[in-house]
Amino acid sequence: MNPDAGRSTEPKSTKPLAGWRVLVPRGGKWGDSVAATVRSHGGIPVIAPLINFASTDDPTTLANALHELQDGQFAWLVVTSATTVDVLNAQRVKVPEGTRIAAVGETTAAALQLAGYRVDFVPGSDNSARGLVKEWPDSGIRGRVLIPQSDLAEPTLVAGLQKLGFDVEFVQAYRTVGVPVSPDVARDVASGRIRAILVTSGSVARQVAEQLAPLPDDTVVACIGPRTAFDTRAAGLTVHVIAEERSADSLIDALVEYAEAE
């Protein structure tokens, strides 16, 4: 009698995230793209937006700054997020040829280009405010710099460019607000059914800590880069995975590497 008779001949899944439920903390196109990548590695994405973006509470100041931008009064426009690109697009801002545009990383640069804006400078190695200042091109161009950011943005970029001799103007382009997770997601996290949580910013880390902590010991916290890992630890969470680059692909790659090593 064949001892293998009746046994399944289908190979066991070799995908590293097989059986892993992974919390994806942002929705929209970004969330859908990350969810698809998680599925490609065998994981089960759970899209549960923890933050959203709201209009600035000082629209007059923003409108004045954008008017001066279009009037050619700024030497540089510095863009640090795709959400800022959405604001520029919604306001139908046209950036003059004489104004250079810097993007904090490839993701933001891609969003700018998709919206029809050119990009003159992107830091090559460190996609962060610190990296942007460190790699700032020595073009000899000085003058005013406009930085439209979230209300929660840290002063790293403004202070760094001021040290380089620029007249820097920060303007609140939008507000970052927390989004309550559903009771089902909260229960799945508390029970350990969610195996990993992706953390894409300090704002997300603070929402995880506020809404979902304490996390089970087996829950893997994966951060999109060193800066986010720092903010996540500051929020009181344990960090298990840190992506080398500040990109979604790098984040998932780092989580896959962690899962393979287990």
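The values are calculated or read from the model by the stated rules, or taken from the named source; none is laboratory data. Note that this is a predicted model, so its numbers are computed, not measured. Don't worry about glycine lacking a Cβ; one is built from the backbone with ideal geometry, like all the others, and counts go over all protein chains shown. Accessible surface is based on the protein model in full, side chains and every heavy atom, while ligands, DNA and RNA are left aside. Shrake-Rupley method; radii C 1.70, N 1.55, O 1.52, S 1.80 Å.
Observations on the model:
- Residue within the range 96-109 that is in contact with an Asp or Glu (Cβ under 8 Å, 6 or more places away or on another chain), at negative phi and among the charged types (D, E, K, R) present: yes
- Of everything listed in (1) touching a helix residue (DSSP H, G or I) at 6+ places or on another chain (Cβ under 6 Å); (2) at pLDDT 95 or above, the single unmet condition for residue 87 is (1).
- Residues in the range 121-135 that are part of a helix (DSSP H, G or I) and open to solvent by 50 Å² or more (accessible area, probe 1.4 Å): 130, 134.
- Candidate set: the range 32-59, residues that are of a type in the set (S, T, N, Q) and not in a loop (DSSP other than H, G, I, E, B); chosen: the one farthest from residue 18 (Cα to Cα): 55
- Selection count where residues are part of a loop (DSSP other than H, G, I, E, B) and open to solvent by 20 Å² or more (accessible area, probe 1.4 Å), scope the range 208-252: 15
- Some residue of the range 153-163 being buried (at least 18 other Cβ atoms within 10 Å of the Cβ), at pLDDT 95 or above and of a type in the set (A, V, I, L, M): no
- Note on the range 19-36: among residues that are open to solvent by 10 Å² or more (accessible area, probe 1.4 Å) and touching a Leu at 6+ places or on another chain (Cβ under 9 Å), the one that is nearest to residue 176 (Cα to Cα) is 26.
- No other residue among 161, 152 is in contact with a helix residue (DSSP H, G or I) (Cβ under 9 Å, 6 or more places away or on another chain) and under 16 Å from residue 77 (Cβ atoms) apart from 161.
- In a residue-by-residue description of the range 60-82, the property of being surrounded by fewer than 20 Cβ atoms within 10 Å (Cβ to Cβ), in a strand (DSSP E or B) and at negative phi applies to no position.
- Residue, nearest to residue 245 (Cα to Cα), within the range 92-107, restricted to residues that are buried (at least 16 other Cβ atoms within 10 Å of the Cβ) and at pLDDT 90 or above: 104
- Any chance residue 118 is touching a strand residue (DSSP E or B) at 6+ places or on another chain (Cβ under 9 Å), open to solvent by 40 Å² or more (accessible area, probe 1.4 Å), part of a loop (DSSP other than H, G, I, E, B) and without any contact (Cβ under 8 Å) to a residue 24 or more places away in the chain: yes
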